[in-house]
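Presented below is the structure to which this report refers.
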Ligand SMILES: [Cu+2]
């Protein structure tokens with residue numbers, strides 16, 4: 001007696017093969033595309049943890065994606081050679097149990113791994129006390145620039161007052177009568193830090209929500225009017241890096257670009273001195 005696999009129409013089998021190849025190609029193509037190196041050069045200590053979390057997520061879901069697409073391709077290819085619906089392999093209950101087990105299993109593999117790798121990174125990035133020798137910098141975002149302020153030799157930021165803000169003469173509303181503010185150093189769209197120290201950035205916003213984004217340092221933090229969120233991180237490389245705004249904040253959002261320089265400590269002192277003289 002012929003098996004149900006033996007008399008499929010050749011055209012039907014050809015279509016099934018083509019469809020199976022398409023699914024297999026999508027699975028393989030997706031994984032090849034996702035496996036390319038697409039992260040910018042890493043330059044911070046906690047960033048290594050973020051990268052391993054992303055890598056784990058991509059590898060685990062990429063593997064599941066590939067296996068499912070190849071299995072799908074195989075069943076389509078095999079099904080195309082059949083003339084009759086084959087016997088049911090499992091009861092409805094078993095099918096349902098299997099679906100739930102697979103769904104939960106996939107969530108545990110992907111999300112569980114991300115939590116296991118990510119929680120220590122979260123603790124290092126958000127919960128650790130900033131080192132005492134961290135360089136503190138005040139960054140005030142506005143449409144469409146970054147106002148940067150250093151406390152100067154006294155290490156104390158001068159007072160600011162929103163009603164003193166004047167976009168051309170006093171962009172962050174410095175109180176000129178406060179002696180602590182006399183030596184504050186202000187730059188625009190440029191942050192320079194000495195290599196070998198932690199960086200502690202206090203963020204403000206004058207108008208809308210912006211997002212302070214340093215792709216190389218794996219740092220991204222919203223700047224919200226009325227709040228002063230902080231980010232603390234430790235650069236592991238010297239160099240010239242980009243600051244971007246990662247929150248669509250208006251028509252010239254794309255222009256909100258700055259530079260973040262990590263330089264040897266001696267160069268930093270020279271740079272700071274030069275800034276001070278030009279204030
Ligand atoms: Cu912005």
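The values are calculated or read from the model by the stated rules, or taken from the named source; none is laboratory data. Every value quoted in this text rests on a predicted model; they were computed, and no experiment measured them. Counting neighbours? That spans all protein chains shown, and the Cβs are built from the backbone with ideal geometry, glycine included.
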Within the range 202-222, tally of residues that are under 23 Å from residue 153 (Cα atoms) and away from the ligand (no atom under 15 Å from the Cβ): 1
Inside the range 204-222, can you point out the residues that are closer than 15 Å to residue 144 by Cα and assigned to a strand (DSSP E or B)? 204, 205, 210, 211, 212, 213, 222
Keeping to the range 139-156, report how many residues are surrounded by fewer than 20 Cβ atoms within 10 Å (Cβ to Cβ) and either within 28 Å of residue 253 (Cβ to Cβ) or within 14 Å of the ligand (Cβ to nearest atom) (or both). 4
Filtering the range 223-254 down to residues that are within 11 Å of the ligand (Cβ to nearest atom) and within 20 Å of residue 192 (Cα to Cα) yields 223, 243, 244, 245
Within the range 114-123, is there a residue that is touching a helix residue (DSSP H, G or I) at 6+ places or on another chain (Cβ under 6 Å), surrounded by fewer than 17 Cβ atoms within 10 Å (Cβ to Cβ) and either at pLDDT 90 or above or assigned by TED's automatic domain parsing to the domain that holds residue 208 (or both)? yes
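Looking at 177, 160, 169, which one is surrounded by 15 or more Cβ atoms within 10 Å (Cβ to Cβ) and assigned by TED's automatic domain parsing to the domain that holds residue 245? Let's see the steps before the verdict.
On the way: 177 fails: surrounded by 15 or more Cβ atoms within 10 Å (Cβ to Cβ); 169 fails: surrounded by 15 or more Cβ atoms within 10 Å (Cβ to Cβ).
Criteria check complete, one pass: 160.
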Across the range 102-127, what is the total count of residues that are touching a residue at least 12 places away in the same chain (Cβ under 8 Å) and within 15 Å of the chain's Cα centre (by Cα)? 4
